[in-house]
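Let me begin by presenting the structure, written as structure tokens, before commenting on it.
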Amino acid sequence: QMLVDTVVVDTAGVVQIGSADDPVDHGVAARIVIADDGADIDLAWDPNQLSRGLVSHGTTQFYGEEVTPYSSLAVDPRRGDTTLTLDVIPTNWDVGHRLVLTGTSSNHRNTQDEELEIVSIDGNIVTIDADSDEPGIQPLEYNHLTPDGYDLSVYVANVNRNVVIMSENP
């Protein structure tokens, strides 16, 4: 892990974590953490607000563990469910990983996406907790039904990665 204020990469420069032949292993995390000193960016000194982060004019290459980034669902999830049945057996999904289950509501003001936490995995069956702040396994709040007549699917995405750029104070 590197704690930094700003990283600037020249046009001839490269920021590389892992490699195609030797990616960061499963269970290992590599992080660039952008420091938060609590002060606002000085707009007189930095009017384009390019400080505090990674500014790459060159090449950026991150090679982490192979992860199934998302999957369609074999069974439409319904309000009250605590499991998801995926169309595939996911690669490197672990207990504690965060998922986003896409909403299928046509109401653009309430998409009904749900953020979930993995409690257990058995093949393509993922047990989820829809509110990890509440005791016990909390069920889904909404139905996530495949829209009729459009040849669409409902998807769930795993948002965890083991190579990350993040804020010290997200």
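The values are calculated or read from the model by the stated rules, or taken from the named source; none is laboratory data. Keep in mind that what you see is a predicted model, and the values were worked out from it rather than measured. As a convention, Cβ positions derive from the backbone with ideal geometry for all residues, glycine included, and neighbour counts pool all protein chains shown. These accessible areas exclude ligands, DNA and RNA; they are computed on the full protein's heavy atoms, side chains included. Shrake-Rupley method; radii C 1.70, N 1.55, O 1.52, S 1.80 Å.
One table, with the values for the structure above:
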| quantity | calculated |
| --- | --- |
| Count of segment 90-119 residues which are within 24 Å of LEU152 (Cα to Cα), within 15 Å of the chain's Cα centre (by Cα), part of a loop (DSSP other than H, G, I, E, B) and charged (D, E, K, R) | 1 |
| Considering residues of segment 51-76 that are aliphatic (A, V, I, L, M), touching a residue at least 12 places away in the same chain (Cβ under 8 Å) and in a loop (DSSP other than H, G, I, E, B) only, the residue farthest from VAL126 (Cα to Cα) | VAL67 |
| Per-region count, segment 103-121, residues among the charged types (D, E, K, R) and under 15 Å from LEU73 (Cα atoms) | 2 |
| Condition met for VAL33 (more than 21 Å from the chain's Cα centre (by Cα), surrounded by 14 or more Cβ atoms within 10 Å (Cβ to Cβ), within 20 Å of ASN162 (Cβ to Cβ) and not aromatic (Phe, Trp, Tyr)) | no |
| The one condition in (1) open to solvent by less than 40 Å² (accessible area, probe 1.4 Å); (2) without any contact (Cβ under 8 Å) to a residue 40 or more places away in the chain that PRO135 fails to fulfil | (1) |
| Qualifying residue in segment 61-78 (condition: on the phi < 0 side of the Ramachandran plot and of a type in the set (Lys, Arg)) | yes |
| Tally of residues being assigned to a loop (DSSP other than H, G, I, E, B), at pLDDT 95 or above and of a type in the set (Phe, Trp, Tyr) across segment 132-170 | 1 |
| Meets criteria (open to solvent by 40 Å² or more (accessible area, probe 1.4 Å), in contact (Cβ under 8 Å) with a residue 40 or more places away in the chain and of a type outside the set (Asp, Glu)) for GLN16 | yes |
| Lone unmet requirement of (1) under 30 Å from VAL24 (Cβ atoms); (2) open to solvent by 50 Å² or more (accessible area, probe 1.4 Å) for ASN158 | (2) |
